[in-house]
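What follows is one structure encoded as structure tokens, with my remarks underneath.
The values are calculated or read from the model by the stated rules, or taken from the named source; none is laboratory data. All of these numbers come straight from a predicted model, not from anything done at the bench. Ideal geometry is used to build each Cβ from the backbone, glycine not excepted, and the neighbour counts take in all protein chains shown. SASA here: full protein model, heavy atoms, side chains in, ligands and nucleic acids out. Shrake-Rupley method; radii C 1.70, N 1.55, O 1.52, S 1.80 Å.
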Amino acid sequence: LVRHERVIRAVAPALREGSEKLRLATALALGSADHPAAGELLAGEIGANQGRSAMLAAIAVSLGQLGFEYAAPALHELIRKLGDLEVRRAGVEVFPALGEIGSAGSVEVILDFLSRVEGSGRKPWEESGQLIQAARLALQRITGEKYQGHLRWEEWWRDNRSRLAENSRRVWWVRKTQERLNLGPGEKPPADVVFVQARLWDRPAPKKKP
């Protein structure tokens, strides 16, 4: 997909009109358009698709690929609505998307979810096991740490969140070149950039799916 804002916005109607196959293909194609407009369009469609699990999953996958942190709050709302069956079916893609976006603000949202479903007798849905595993992997991706159980995670996060925030690396999208710039603590970005995300650790690139 050509990385040009007008071209990206021109495909917006295809996210709502036509067949489900077309809508899904459009949502997934936008994930490869490294432009802030693509993320804005996708995040804006979450509310209109809460009754469509396949579409929510496709949107989440693409938002994770794009990685713009401004999309995290809309995905957080889906985590809070996992009691809805259609939202829950998409949950296994929402957690990985949050892991790729890497927002520190996602940690407490995920921990709140785990606090409600972990433990014997506290798995209210058939999909709970998959969702718990996806949530734990998302925490690992965001923080670079690995723990079992939300109480241990909460303790670690309480002790380390300030230090991690202070030392985070920031990723910017440069309008002129349409490329990303990864800067360390204290480094200033050039003019005319869009904030992408703050990374709490120097994480490796995600593994590509076969």
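Hey, among the residues in region 26-50 that are of a type in the set (S, T, N, Q) and outside any helix (DSSP H, G or I), which one's least open to solvent (accessible area, probe 1.4 Å)? Among residues in region 26-50 that are of a type in the set (S, T, N, Q) and outside any helix (DSSP H, G or I), the one least open to solvent (accessible area, probe 1.4 Å) is GLN50. Filtering LYS146, LYS176 for residues that are without any contact (Cβ under 8 Å) to a residue 60 or more places away in the chain, exposed (fewer than 12 other Cβ atoms within 10 Å of the Cβ) and over 30 Å from VAL194 (Cα atoms) leaves a single hit, LYS146. Within region 65-91, the set of residues being buried (at least 19 other Cβ atoms within 10 Å of the Cβ), part of a helix (DSSP H, G or I) and in contact with a Lys or Arg (Cβ under 7 Å, 6 or more places away or on another chain) comprises VAL87 only. Restrict the check to region 51-63 and report whether at least one residue is open to solvent by 30 Å² or more (accessible area, probe 1.4 Å), modelled with pLDDT under 95 and either hydroxyl-bearing (Ser, Thr, Tyr) or within 29 Å of GLU155 (Cβ to Cβ) (or both). No: region 51-63 contains no residue that is open to solvent by 30 Å² or more (accessible area, probe 1.4 Å), modelled with pLDDT under 95 and either hydroxyl-bearing (Ser, Thr, Tyr) or within 29 Å of GLU155 (Cβ to Cβ) (or both).
The residues in region 95-119 that are more than 15 Å from the chain's Cα centre (by Cα), part of a helix (DSSP H, G or I) and not aliphatic (A, V, I, L, M) can be counted, and the count is 4. Pairing residues of region 24-37 that are over 16 Å from VAL196 (Cβ atoms) with residues that are open to solvent by less than 30 Å² (accessible area, probe 1.4 Å) and not in a helix (DSSP H, G or I), at Cβ distances under 9 Å and at least 6 apart in sequence or on separate chains, gives ALA27/GLU45.
Taking the criterion of being assigned to a helix (DSSP H, G or I) and either more than 20 Å from the chain's Cα centre (by Cα) or without any contact (Cβ under 8 Å) to a residue 24 or more places away in the chain (or both), the residues of region 13-22 that qualify are PRO13, ALA14, GLU20, LYS21, LEU22. Among the criteria (1) closer than 30 Å to ALA33 by Cα; (2) part of a helix (DSSP H, G or I); (3) touching a residue at least 24 places away in the same chain (Cβ under 8 Å), the one GLU154 does not fulfil is (1).
Filtered by the rule that a residue be hydroxyl-bearing (Ser, Thr, Tyr) and free of Cβ contacts under 8 Å to residues at least 40 places away in the same chain, region 81-121 gives SER106, SER115, SER120. Of the residues making up region 125-140, those that are open to solvent by 40 Å² or more (accessible area, probe 1.4 Å) and within 19 Å of the chain's Cα centre (by Cα) are GLN130, GLN133, ARG136, LEU137, GLN140. If you go through region 14-25 and pick out every residue that is open to solvent by less than 60 Å² (accessible area, probe 1.4 Å) and over 18 Å from PHE68 (Cβ atoms), you end up with 5.
Note on region 1-12: among residues that are among the β-branched types (Val, Ile, Thr) and in a helix (DSSP H, G or I), the one that is most open to solvent (accessible area, probe 1.4 Å) is VAL7. Would you mention how many residues in region 92-103 are open to solvent by 40 Å² or more (accessible area, probe 1.4 Å) and aliphatic (A, V, I, L, M)? Here the count works out to 1. The residues of region 157-173 that are loosely packed, with under 15 Cβ neighbours inside 10 Å and either among the polar types (S, T, N, Q) or over 15 Å from GLY102 (Cβ atoms) (or both), listed by number, are ARG158, ASP159, ASN160, SER162, ARG163, GLU166, ASN167. Scanning region 104-122 for residues that are of a type in the set (A, V, I, L, M) and open to solvent by 30 Å² or more (accessible area, probe 1.4 Å) returns a single hit, ALA104.
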